[in-house]
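The values are calculated or read from the model by the stated rules, or taken from the named source; none is laboratory data. The model shown is predicted, which means the values in this text are computed figures rather than measured ones. Here the Cβ positions follow ideal geometry from the backbone for every residue, glycine too, while neighbour counts run over all protein chains shown. All accessible areas refer to the heavy atoms of the entire protein, side chains included, with ligands and DNA or RNA removed. Shrake-Rupley method; radii C 1.70, N 1.55, O 1.52, S 1.80 Å.
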Amino acid sequence: VRQNTPVAPAADDIDAQQRLVIPPFVEPHIHLDCVMTAGQPEWNMSGTLFEGIARWSQRKKTVTAEDTRQRALAAIAMLRDNGVQHVRTHIDVTDPSLAALEGMLAVKAEVAHIIDLQIVAFPQEGIESFPGGRELMVRAVEMGADVVGGIPHFENTRDQGVSSVTFLMELAERYGCMVDVHCDETDDPQSRFLEVLAEEARVRGMGAKVTASHTCAMGSYDNAYCYKLFRLLKNSGINFISCPTESIHLQGRFDTWPKRRGVTRVAELDRAGINVCFAQDSIQDPWYPLGNGNILRVLDAGLHICHMMGYEDLQRSLDFITDNSARALCLGDNYGIAEGRPANLLILDAENDYEAVRRQAKVLTSIRHGNIIMQRQPEQISYPA
Ligand code: FE2
């Protein structure tokens, strides 16, 4: 993120007082249909991804469009208060009623004045392993999902994982959708659906529109395999989203000691010139009990977890929750501070990226299409004698 050159003030200008002015934060991977359901009806006691899916499967039985709408609106308010204006949400479509998707499509229009929403048709319980899974994906796209999702590592067999990726890529190409796959979200080093996704993207020339989320298994691949894999990843041009707080919580659960971090190779992808960004994934759901909409908190944790606290990383750290995320979401000319683009921007209570992350700087002003949608007074501390 670059600092902008000051311009001559006019009467109705906002004085940022040398503070950082940046494009809005982006939340590129969250599950708004699941937010604020932790413990309903039971808590995830093992802390694993798979128990999370089982707990959600219980809660899903009581999901309605209105229940989804209310919880999503509460989460969107948290995101707004933290300067987020662009969100990609995965919505579980392994539910024959598709009630959550219906609810979120209504929310998308309702919140357009504060946040741009991209909706992913996400097959939480599988495309091939769930009854009618393929048909539900097609219905979801026809109802208006913007992005096609997947979960190949959760399918019953390796072959089903591969065929699910081929199916979802074909579906996306046919309907002109973007793609964002929960890919290899496991510590199993044999989970290698990323290479299938990247090759499908490369052959179809769709790399810029394709994102691999999580890719936790890459944290367990050996270097010889990764050396070969990175050549394909680079050629494919696909994007990566890592959810460091979520993954370090859910992964490493089958290890004793030493315990793996369960996080993909964020720094290595970045060094290789591959686009990668951070996301929070959850706010208080069956997979992750915390979360508050503050993406700067995720950046802070991600920089620690991924060994990215060198001086140069800190100097450009906001890229991982702004520009890189915008690229993954294909926001193009709808993002960034430049003439002719939407007047969306933040004033952050910090002078640069390094200080923003160190001090966990608050967003003081959030401007959207030229209107102030959120303002906050800088914190005041007093010391009574
Ligand atoms: Fe996710």
Worksheet item: Where a Cα-Cα gap under 18 Å defines reach, which lysines qualify for residue 60, not counting those fewer than 8 residues away within the same chain?
Response: none
Worksheet entry | Residue among 24, 85, 52 farthest towards the positive dipole end of segment 1-105, charges placed on Cβ | 52
Item to complete: With springs only between Cα atoms under 10 Å apart, run a GNM on the chain and tell me which of 62, 211, 166 wobbles the most.
Response: 62
Practice prompt. Whole Å is fine, so just give me how far the alpha carbon centre of segment 208-279 lies from that of segment 307-323.
Written response: 17
Practice prompt. Sticking with the crude label model, points 7 Å out along Cα→Cβ, report the distance from residue 231 to residue 175 in nm, one decimal please.
Written response: 3.6
Fill in: Gap separating the Cα centres of segment 101-122 and segment 170-196, nearest whole Å
23
Worksheet, complete the sentence: Once both label points are put 7 Å beyond Cα along the C-beta direction, the residue 260-residue 203 separation in nm becomes 2.7
Item to complete: Run the accessible area of segment 289-385 with a 1.4 Å probe and give the carbon-and-sulfur part as a rounded percent.
Response: 48
Worksheet item: Dipole size in debye (nearest 20) for segment 165-321 around its Cα centre, Lys and Arg Cβ +1, Asp and Glu Cβ -1?
Response: 300
Worksheet item: Under a point-charge model restricted to the Cβ atoms of Lys and Arg (+1) and Asp and Glu (-1), what is the dipole moment magnitude of segment 197-243 relative to its Cα centre, in debye to the nearest 20?
Response: 180
Item to complete: List the DSSP H helices in the chain whose Cα atoms stretch 18 Å or more along the helix axis and whose mean Kyte-Doolittle hydropathy is at least -0.5.
Response: 65-81, 158-175, 223-236
Worksheet entry | GNM top mover of 261, 174, 297 - the chain, alpha-carbon springs below 10 Å | 174
Response to the item:
For the chain, the per residue accessible area (1.4 Å probe, Å²) is 43
Worksheet, complete the sentence: Within segment 260-303, the residues whose backbone N lies under 12 Å from a label point placed 7 Å from the Cα of residue 43 along the Cα-to-Cβ direction are 289-290
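Quote to one decimal, in nm, the extra length available between residue 50 and residue 369 on full extension: 0.36 nm per residue of separation minus the C-alpha distance between them.
110.7 nm
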Practice prompt. Return the carbon/sulfur percentage of the accessible area of segment 1-104, one whole number, probe 1.4 Å, all protein chains in place.
Written response: 54
Worksheet item: If the cut-off is 27 Å between C-alpha atoms, which lysines fall inside it for residue 228, apart from same-chain ones fewer than 8 positions away?
Response: 209, 259
Worksheet item: Under a point spin-label approximation (7 Å from Cα along Cα-to-Cβ), what is the residue 67-residue 268 distance to one decimal in nm?
Response: 4.2
